[in-house]
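The values are calculated or read from the model by the stated rules, or taken from the named source; none is laboratory data. Given the structure is predicted, the values throughout are model-derived calculations rather than measurements. All Cβ positions, glycine included, derive from the backbone under ideal geometry; neighbour counts span all protein chains shown. For accessibility, only protein heavy atoms count, side chains too; no ligands or nucleic acids. Shrake-Rupley method; radii C 1.70, N 1.55, O 1.52, S 1.80 Å.
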Amino acid sequence: MIYGKKEATMTQGLAIITMVCLHLFCRLGDKIFGTPLLWLNSEKPFVYWIGFFCEICVPIYSMCSGYAQHLLFQKGQTTYKNNLKRIFKLLFNYWIILIIFCSLGLALGRDSIPGNVRIFLGNIIPIPSLKYFPSWWYLTAYIIVLLIPAKLLMKPVNKIHSYIGVAICFVFVLYQYLQTKFSILSLEAFLPNNIYNLFNDLLKLLPFYLIGAFMHKENVFEKANLFLGRLNKPRLTNALLLISAAVLFVVSNLLEKAILTGPIAIAIMLIFNLVKKPKFVENIFLFFGKHSTNIWLTHMAFYVTLFPGLVLKARYPVLIFAFLIALCLVMSYIEMYIQKGLEFCFALVKKKRRKQSVPQ
């Protein structure tokens, strides 16, 4: 197995599904959405376990990005110009959704979106403290990582022994956990609030981004697949992988320690890509991977700021999830058609300018 574009897209599909589940279901008490039918005890519904486990979404997204960046670095395709193109492509997508939401906010008479001029401009840039939706924190952090010259991140990955490099990454993960959870070694008192929050956002992303780069450096997926192939028992291997994922799910929820999210995310990402999936399952994850950016950027609109409580009308968790995904996909297709239309118009203008510049 070669971990390529198809596998990366499927992994992004897994990541976005877990992100939506995290935001919908990692809730207790009066914050619980809908009417869960299955309860672990009088205070904790089963969907809470699903939501808590799905904290693996950010590490998986970040590892995918780091893996891809190291692959491009090895091919000599991580020039600053190429990174700027990637940033603009992402922002172009984001700006279309931003304009759609602000237009809807004006039409619906929402005070919080688009808000005043300062807030609107702060979302165009975007500035983390002024963001319309909490999930948009990742956008700014990811752009900053892309603005760092690739050689400053990927050259050390190539030079440092991978075990040492991953251990260093987890030191930063542990530091982020300690300062957030227990205010140990916190820099909050020494940094402006915006800078401190951005620093924390980078600590959530960058260590796993680098771990993804180490995974590509060591050809982790190829080596693991080769090892499992030697067993020559694909059905048994698949069963063991799925059982391992189920065990991780139960153990992570029984222990309920956020510090375990990183190692579990690495294991789940590995298991997900080693499991032999039926074609229709692959197509489902590919589909969600294709729409992952738009689902990430739009999903909170339907239960937070723009349409508060809309998806809760579905009442039951499974239906709430399905309803939210359906709304996000509608928005995703709208964004895609607008983007294609704008790109077509830009291409026509560019073609016209070229004709005008040719001497007659």
Next item on the list: Find the helices (runs of 4 or more DSSP H) located wholly in segment 190-304 whose residues include 1 or more that are open to solvent by less than 30 Å² (accessible area, probe 1.4 Å) and at pLDDT 95 or above, and list them.
Entry: 193-217, 234-255, 261-274, 279-290, 292-298
Margin query: Can you tell me how many residues within segment 113-132 are assigned to a loop (DSSP other than H, G, I, E, B) and either charged (D, E, K, R) or in contact (Cβ under 8 Å) with a residue 40 or more places away in the chain (or both)?
Written below: 4
Notebook entry, point to check: List, please: which pairs have Cβ atoms under 8 Å, are six or more places apart or on different chains, and start with a residue in segment 21-35 that is free of Cβ contacts under 8 Å to residues at least 60 places away in the same chain and open to solvent by 40 Å² or more (accessible area, probe 1.4 Å) and end with one that is among the acidic types (Asp, Glu) and not in a helix (DSSP H, G or I)?
Noted result: 28/43; 29/43
Note to self: Any residue at all in segment 144-154 that's without any contact (Cβ under 8 Å) to a residue 12 or more places away in the chain, under 21 Å from the mean Cα position of the chain (by Cα), part of a loop (DSSP other than H, G, I, E, B) and more than 23 Å from residue 333 (Cα to Cα)?
What the structure shows: yes
Check: Which residue pairs have Cβ atoms under 6 Å apart, sit 6 or more places apart or on different chains, and have a first residue in segment 258-270 that is over 9 Å from residue 59 (Cβ atoms) and a second that is open to solvent by 20 Å² or more (accessible area, probe 1.4 Å) and modelled with pLDDT under 95?
Finding: 259/177
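Using the structure shown, decide if residue 108 is surrounded by fewer than 17 Cβ atoms within 10 Å (Cβ to Cβ), under 25 Å from residue 330 (Cβ atoms), in contact (Cβ under 8 Å) with a residue 40 or more places away in the chain and out of contact with any helix residue (DSSP H, G or I) (no Cβ under 9 Å at 6 or more places or on another chain).
Working: surrounded by fewer than 17 Cβ atoms within 10 Å (Cβ to Cβ): yes; under 25 Å from residue 330 (Cβ atoms): yes; in contact (Cβ under 8 Å) with a residue 40 or more places away in the chain: yes; out of contact with any helix residue (DSSP H, G or I) (no Cβ under 9 Å at 6 or more places or on another chain): yes.
It is true that residue 108 is surrounded by fewer than 17 Cβ atoms within 10 Å (Cβ to Cβ), under 25 Å from residue 330 (Cβ atoms), in contact (Cβ under 8 Å) with a residue 40 or more places away in the chain and out of contact with any helix residue (DSSP H, G or I) (no Cβ under 9 Å at 6 or more places or on another chain).
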Next item on the list: Kindly indicate whether any position in segment 349-358 is open to solvent by 80 Å² or more (accessible area, probe 1.4 Å) and among the polar types (S, T, N, Q).
Entry: yes
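Restrict the check to segment 162-182 and report whether at least one residue is loosely packed, with under 12 Cβ neighbours inside 10 Å and in contact (Cβ under 8 Å) with a residue 12 or more places away in the chain. Give the derivation first.
We begin by selecting, within segment 162-182, every residue loosely packed, with under 12 Cβ neighbours inside 10 Å; these are 163-164, 167, 171, 181-182.
Add one more test, that the residue is in contact (Cβ under 8 Å) with a residue 12 or more places away in the chain, and what stays is 181.
The answer is yes; a qualifying residue exists.
Can residue 137 be described as at pLDDT 90 or above, in a helix (DSSP H, G or I) and closer than 25 Å to residue 22 by Cβ? Write out each step before concluding.
Values: at pLDDT 90 or above: yes; in a helix (DSSP H, G or I): yes; closer than 25 Å to residue 22 by Cβ: yes.
For residue 137, the condition - at pLDDT 90 or above, in a helix (DSSP H, G or I) and closer than 25 Å to residue 22 by Cβ - is met.
Counting just the residues of segment 266-288 that are of a type in the set (Val, Ile, Thr) and more than 17 Å from the chain's Cα centre (by Cα), which one comes out farthest from residue 224 (Cα to Cα)?
In the first step, residues of segment 266-288 are kept if they are of a type in the set (Val, Ile, Thr); the result is 266, 268, 271, 275, 281, 284.
Filter again for more than 17 Å from the chain's Cα centre (by Cα), leaving 271, 275, 281, 284.
Details: 271: 10, 275: 11, 281: 21, 284: 24 Å.
Among them, the one singled out is 284.
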Notebook entry, point to check: Only one of these conditions is not met by residue 114: (1) closer than 22 Å to residue 65 by Cβ; (2) buried (at least 17 other Cβ atoms within 10 Å of the Cβ); (3) of a type outside the set (A, V, I, L, M, F, W, C). Which number is it?
Noted result: (1)
